[in-house]
1. So for the stretch 207-222 (the condition being under 37 Å from the mean Cα position of the chain (by Cα), free of Cβ contacts under 8 Å to residues at least 12 places away in the same chain and part of a strand (DSSP E or B)), does at least one residue qualify?
2. Based on this model, can you work out whether K543 counts as in a loop (DSSP other than H, G, I, E, B) and in contact with a His (Cβ under 9 Å, 6 or more places away or on another chain)?
3. Restricting to the stretch 162-184, name every residue that is more than 30 Å from W58 (Cα to Cα) and either loosely packed, with under 13 Cβ neighbours inside 10 Å or of a type in the set (A, V, I, L, M, F, W, C) (or both).
4. Residues of the stretch 122-156 being part of a loop (DSSP other than H, G, I, E, B), among the small types (G, A, S) and in contact with a Phe, Trp or Tyr (Cβ under 9 Å, 6 or more places away or on another chain), which ones?
5. When you look at I450, is it farther than 23 Å from D529 by Cα and in contact (Cβ under 8 Å) with a residue 24 or more places away in the chain, yes or no?
6. Go over the candidates S205, S141 one by one and state the one that is outside the structural domain of Q49 (by TED's automatic domain parsing) and of a type outside the set (D, E).
7. Tell me whether the stretch 253-260 contains one or more residues that are aromatic (F, W, Y), in a strand (DSSP E or B) and under 20 Å from R403 (Cα atoms).
8. Determine which single condition C414 fails, assuming it passes every other condition in (1) in contact with a strand residue (DSSP E or B) (Cβ under 6 Å, 6 or more places away or on another chain); (2) without any contact (Cβ under 8 Å) to a residue 60 or more places away in the chain.
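The values are calculated or read from the model by the stated rules, or taken from the named source; none is laboratory data. If you're wondering where the values come from, they're calculated on a predicted model, not measured in any experiment. Quick reminder, even Gly has a Cβ in these numbers, built from the backbone with ideal geometry, and neighbours come from all protein chains shown.
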Amino acid sequence: MLEWSVGYSEIDGAKPKEFVSSTVPGAVQLDWAKAKGYKPYIVADNYKQFTWMEDVYWIYKTTINKPEINDDERIYFISKGIDYKFRILIDDEVVHRQEGMFKWVEIDITEKIKTQSEIQIIIDPVPKQEGAVGRDHADQSCKPAVSYGWDWHPPLIPSGIWDETYIEIRSKYHLRETDLTYVISEDLKTANCTLKLNSKEAGQSILFLMKDAEGKVVHEKQINKLDKQLTYEFKVSSPMLWWPRGQGEQYLYTYQIQVFFNDQCVDMKDGRIGFRRARLVMHEGAWHEFIPFPKGRNNPPITMEINNRHIFSKGTNWVNPDIFPGVITKETYRTLIQLAVDANMNMFRIWGGGIVNKESFFDLCDEMGMMVWEEFPLACNNYRGNEPYLKVLDQESKAIIKRLKKHASVVMWCGGNELFNNWSGMTEQSLALRLLDKNCYEFDRDTPFIMTSPIMGMAHGNYVFQYDDGRSIHEVMTSSSNTAYTEFGCPSISDYDYLETFIPKDELETPAPGGSWEIHHAYNAWQGDTWMSRGIIEHYYGKTDDVKLLIENSQLLQSEGYKVIFEEARRQKPKCSMALNWCYNEPWPSAANNSLINWPARPKKSLKAVADSLRDTMASARVSKYIWTGEEVFEAQLFMLNDSPEIIAEGKMSIYLVIDDEKHHMLTWDYKSVPENQNLEGPTARLILPNKHVDRMSVQVEVEGIPAYASSYTFAYRFKEPNLEGLRQLNN
């Protein structure tokens with residue numbers, strides 16, 4: 001293990017006045033803060049302590065004693081991630097230069113190191129542009145734009161060695177590249193596989209083994225006298241298929257490539273492969289939608305088809321689980337992915353403003369059945385096609401595609417976030433997007449690619465419970481019709497005991513703009529008073545100075561808001577085929593936010609509500625508004641939702657209104673069997689609301705004999721005041 005220290009210099013080439021111990025992987029900010037006793041950056045506005053660190057040169061150094069090797073071995077320096085623009089020196093000689101944090105570094109240093117040598121990594125100041133503000137600084141780099149500040153992320157820009165970095169001894173006959181790809185036949189009965197190997201030397205022998213999940217060899221091949229490049233094709237008959245969660249087994253084969261020279265095993269590569277066919281297709285009936293003259297195009301395909309089966313993609317937008325990618329571990333990922341699986345999700349959209357996750361994230365998604373929509377690091381900017389930027393984007397995107405395409409979970413590529421909207425100003429003719437399309441076609445042709453989200457037919461937003469025109473999310477969603485809802489949100493205030501960990505005591509009971517509440521995104525984060533949205537909360541449940549009551553009401557609105565959006569999107573199947581909320585997690589503590597999980601992995605109450613709304617099979621009720629008044633005619637339409645590959649047997653569904661502890665039966669529906677991966681639309685139940693002095697009511701939907709299908713919803717309620725003016729006129 002290498003032992004690193006780090007220091008900084010304000011001038012390129014100058015030696016640091018001081019070095020401190022460094023944790024690798026990690027971040028220069030965290031190393032310096034630890035050494036100098038900085039206050040916790042998550043509290044109040046302490047993150048501002050780090051601002052100066054963005055504009056200096058950081059120098060890592062370590063000493064290496066040259067390992068003993070034989071004539072057929074080489075010494076390599078490996079780093080899986082250095083952020084962002086850097087050069088590597090050995091004994092003051094530059095051996096590598098790179099801009100970009102996603103392309104791995106592999107350098108043969110055998111001839112460059114002495115008996116004892118010093119390795120330095122010099123990292124430039126973070127990319128910034130004169131006159132730019134916020135994320136605009138990132139519009140000519142592949143640095144994640146979120147680091148420059150977002151409505152849920154402070155302007156805190158990490159830098160440093162953020163992934164595994166080590167010395168490795170390799171045989172000079174080692175394989176430089178291995179690439180195992182496949183194309184599955186239309187009938188899914190044959191996987192036509194291609195193995196490509198690349199070596200700096202020739203003359204080796206290769207033994208290739210593929211085994212099923214039980215360890216049985218399904219294919220074996222011995223290849224003698226390897227050239228520097230090899231392409232070998234073979235077939236796997238009747239392959240077991242990889243399926244997303246809820247649709248089948250996440251079946252993974254293993255393979256091993258053993259390299260022999262002079263009858264000695266000199267290299268070995270292991271891997272896993274999941275056979276699946278992923279396509280984006282037109283939704284059922286799409287080609288028959290009437291488009292009058294003058295005609296435009298039909299909406300582009302966005303229905304995910306896995307192994308010839310249409311899958312409703314229900315999940316969430318994943319963002320960096322920490323401001324500092326270097327501290328993210330496999331266990332970080334495992335905890336968050338498991339929470340998504342437990343919430344009945346099947347897809348992560350990896351938002352283009354953040355990092356490309358580490359390898360363990362994708363390994364876990366393969367194992368746990370989470371489909372991954374992977375975006376390249378472009379978001380909400382006009383990434384103009386300047387040659388230096390395109391060169392870096394070409395390098396980074398190729399590295400990303402080559403690394404991730406082997407994962408069964410990666411079912412689609414996307415150019416980036418909101419690039420066709422007016423705040424970005426990009427189009428299909430933008431060179432950056434044409435380049436990404438080209439690279440995806442060249443290196444992973446059979447995985448779908450879209451240029452951005454949203455595109456025609458799809459929708460982003462809104463992100464609050466009540467719209468500017470006064471309509472609730474219920475009114476908007478039940479009148480909407482889109483092919484996919486790939487961003488939508490409802491905010492809530494975080495739990496009181498959580499707020500206590502980063503909001504100072506003297507501010508905790510008096511939320512207001514300008515202080516720690518604003519620093520942690522409760523005020524002036526996006527529009528209006530987001531993300532606290534106090535005005536919306538008090539519109540439905542009255543004004544209060546009780547912070548705990550405000551939190552309770554906000555969390556109720558978030559839960560009910562997410563229920564209506566997820567379920568309404570599902571009810572609009574087959575035209576709609578995706579529902580992905582904004583957002584799943586967060587990179588540091590937020591006082592208020594749309595997230596379902598507080599940093600680092602603390603579920604909000606709304607996650608349980610979302611889990612209920614994403615059950616593969618469930619009873620559901622469509623209600624067209626949130627706030628109701630006594631003596632109104634309440635209406636709710638019944639549905640049986642089925643995203644499973646199984647047929648639901650016929651049954652009996654009943655709906656009840658509960659108000660002031662009184663339960664009123666509204667309707668019972670004898671529904672027929674429901675085909676696999678389809679919904680069944682039912683009747684509308686109606687009831688004249690009793691007039692009560694309460695502020696909320698609920699609806700319960702029950703299925704006879706199957707409590708797991710039951711659903712419940714809460715609504716705001718108003719007592720209908722008597723018409724006193726009319727009474728006075730009658731008494732005159």
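1. yes
2. Working: in a loop (DSSP other than H, G, I, E, B): yes; in contact with a His (Cβ under 9 Å, 6 or more places away or on another chain): no.
Spelling it out, it is not the case that K543 is in a loop (DSSP other than H, G, I, E, B) and in contact with a His (Cβ under 9 Å, 6 or more places away or on another chain).
3. If the condition is that a residue be more than 30 Å from W58 (Cα to Cα) and either loosely packed, with under 13 Cβ neighbours inside 10 Å or of a type in the set (A, V, I, L, M, F, W, C) (or both), then L175, E177, L180, V183, I184 are the ones that fit.
4. Correct list: A132, S141.
5. Values: farther than 23 Å from D529 by Cα: yes; in contact (Cβ under 8 Å) with a residue 24 or more places away in the chain: yes.
Yes.
6. Selected residue: S205, the only one of S205, S141 that is outside the structural domain of Q49 (by TED's automatic domain parsing) and of a type outside the set (D, E).
7. yes
8. Just one mismatch for C414, condition (2).
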